[in-house]
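A quick write-up on the structure given underneath.
The values are calculated or read from the model by the stated rules, or taken from the named source; none is laboratory data. All values reported here derive from a predicted model rather than from experimental measurement. Cβ coordinates were reconstructed from backbone atoms using ideal geometry, including for glycine residues, and neighbour counts include every protein chain displayed. Quick note on the areas: whole protein, heavy atoms, side chains included, nothing else; ligands and nucleic acids left out. Shrake-Rupley method; radii C 1.70, N 1.55, O 1.52, S 1.80 Å.
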Amino acid sequence: MKRLTTDTPESNMESAHNLFYIKDQETWVRGGGPEPDYADISLYDFMRRLIEIHNLEIDTSSNENMGDNLYELLFDNVDTKEGVAALLYASAWAFSVLREKLKAYEDTGLTPEEITDGKLLTGWIPVSERLPKNEERVFISATRKFSDGKVLQIRSVAMYEDGSLNTGNSGYTWDDTDFEYSEELDDYLIPRGWWEQPEYSETFCAVDDTVTHWMQMPLPPKEDIPK
């Protein structure tokens with residue numbers, strides 16, 4: 001399925017699908033500023049331009065007053081020019097919210113089939129369907145079977161190696177390793193498999209249990225990091 005949301009639209013269709021968007025918790029109009037620049041503009045400032053150009057009877061003394069006035073004018077529907085402006089305003093901010101929801105879904109890379117299977121809700125992806133990128137840090141879920149028949153579910157942070165990478169090209173330092181030597185590369189190949197990746201340790205451990213699912217790690221919080 002072709003992606004609909006983009007921050008750099010290149011065609012009329014892409015521009016239409018991304019005309020209204022959210023920035024800094026506020027709705028913006030792409031290309032809604034005055035000529036000749038046609039810069040992006042906040043929806044509030046866009047509505048002020050529209051109200052001034054068409055001499056509409058709408059209070060623009062503050063964003064709050066204008067928003068309240070436009071909400072009341074929705075009841076005019078299209079019987080007045082002010083009602084049409086109110087309908088445009090309401091449609092714009094509603095569209096921007098829906099676009100952000102769609103963008104969040106499209107950023108996951110999941111297909112509609114995966115969503116209906118519940119993966120959008122849980123985030124867990126079966127290894128039988130696809131594997132993460134080489135050396136991408138992810139959460140894993142693995143099963144450990146005991147001799148008495150009991151099964152334990154393990155969750156940890158790990159990365160996957162596809163067996164094609166040598167230690168010199170790895171993003172990590174592999175000390176005291178006993179990997180297979182490649183004469184062609186004049187280096188050691190990292191064996192294919194899962195490797196546990198402790199954050200505060202300098203060593204890696206091979207995951208001996210059976211990894212069944214993996215999940216991408218969430219983005220860190222956006223708050224300022226203390227110095």
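Anyone know which of SER156, SER164, SER42 comes out most mobile in the 10 Å Cα GNM of the chain?
Evaluated over the chain, the most mobile residue of the options is SER164.
Identify the residues of region 43-58 with backbone N under 11 Å of a label point that sits 7 angstrom from the Cα of GLU72 along the Cα-to-Cβ direction, or state none.
58
Per DSSP helix of 4 or more residues, -39500 (n - 2.57); summed, then divided by the residues of the chain. What does that give at 222 nm, rounded to the nearest 500?
Details: 6 runs with 65 residues, N = 227.
Calculated from helices alone, the mean residue ellipticity at 222 nm is -8500 deg cm²/dmol.
GNM on the chain, C-alpha springs below 10 Å: top fluctuator among GLY83, GLY168, GLY149?
Comparing GLY83, GLY168, GLY149 in a Gaussian network model of the chain, the most mobile one is GLY149.
Relative to the compact globular guide of 2.2 N^0.38 Å, what is the alpha carbon radius of gyration of the chain, as a ratio?
Working: Rg = 26.7 Å, N = 227, 2.2 N^0.38 = 17.3 Å.
Taking N as the residue count of the chain, the ratio is 1.54.
For the chain, what % of the accessible area comes from carbon and sulfur atoms, probe 1.4 Å?
Numbers: 8230 of 15930 Å².
So the carbon and sulfur contribution to the accessible surface is 52 percent.
May I ask for the longest run of the chain untouched by GluC sites (Glu not before Pro) that are loop-located per DSSP and have at most 14 neighbouring C-beta atoms (other than their own) within 10 Å?
Working: sites that count: GLU10, GLU57, GLU129, GLU136, GLU183, GLU184, GLU199, GLU202, GLU223.
Segment 58-128 is the longest.
Who wins for biggest fluctuation among PRO198, PRO126, PRO36 in a Gaussian network model of the chain, springs between alpha carbons below 10 Å?
Among PRO198, PRO126, PRO36, the largest GNM mean-square fluctuation belongs to PRO36.
Before I look further, what does region 1-48 give for accessible area per residue, probe 1.4 Å, in whole square angstrom?
Values: 3260 Å² over 48 residues.
I get 68 Å² per residue for region 1-48.
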